[in-house]
Amino acid sequence: MASSHFSTASPPMFDGNNYPVWAIKMRSYLQAYDLWELVEVDYEMLEHETVKEFSNKLMKIVNQIRLHGEFLPDQRIVEKILICFPEKYEAKISTLEETRDLTQLTVAELINALQATEQRRSLQL
């Protein structure tokens, strides 16, 4: 009986050399797994979305990328979250940037801080 083995190719790893070749390989790899659109699309939090809804959507994407073997540190996710939130969160984001070391801030800590801001806003309305 013939056995079929399904294995996925590892994503190309960037070793610091020959970036143009690596970029083409990575794009092809992501396209093969239907992930390129996730990289290409600029995700922003919509005005009607809650922090929880947005963070769930973003973490789903992060988990898909990690499942395919790509290393994605919390610091990179925190940076992406900070630029995706609408202007109404600007004061909280500025406070975090001034009072916290963003390289040490976890995704969970950031989401909790933003959810607390969202809750305070909803109580004021």
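The values are calculated or read from the model by the stated rules, or taken from the named source; none is laboratory data. Not measured: the values here are computed from a predicted model. Quick reminder, even Gly has a Cβ in these numbers, built from the backbone with ideal geometry, and neighbours come from all protein chains shown.
Structure summary
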quantity: Region 41-76 - residue that is without any contact (Cβ under 8 Å) to a residue 12 or more places away in the chain and in a helix (DSSP H, G or I) and, of those, farthest from Ser10 (Cα to Cα); calculated: Glu53
quantity: Cross-chain or 6+ apart pairs with Cβ under 6 Å, region 107-125 first and under 18 Å from Lys80 (Cβ atoms), then of a type in the set (S, T, N, Q) and modelled with pLDDT under 90; calculated: Ile111/Ser55
quantity: Subset of region 30-65 that is exposed (fewer than 12 other Cβ atoms within 10 Å of the Cβ) and of a type outside the set (A, V, I, L, M, F, W, C) - its residue that is modelled with the lowest pLDDT; calculated: Asp42
quantity: Residue within region 78-99 that is of a type in the set (D, E, K, R), under 19 Å from the mean Cα position of the chain (by Cα), buried (at least 16 other Cβ atoms within 10 Å of the Cβ) and assigned to a helix (DSSP H, G or I) present; calculated: no
quantity: Region 100-125 - residue that is closer than 16 Å to Glu47 by Cα and not polar (S, T, N, Q) and, of those, surrounded by the fewest Cβ atoms within 10 Å (Cβ to Cβ); calculated: Leu125
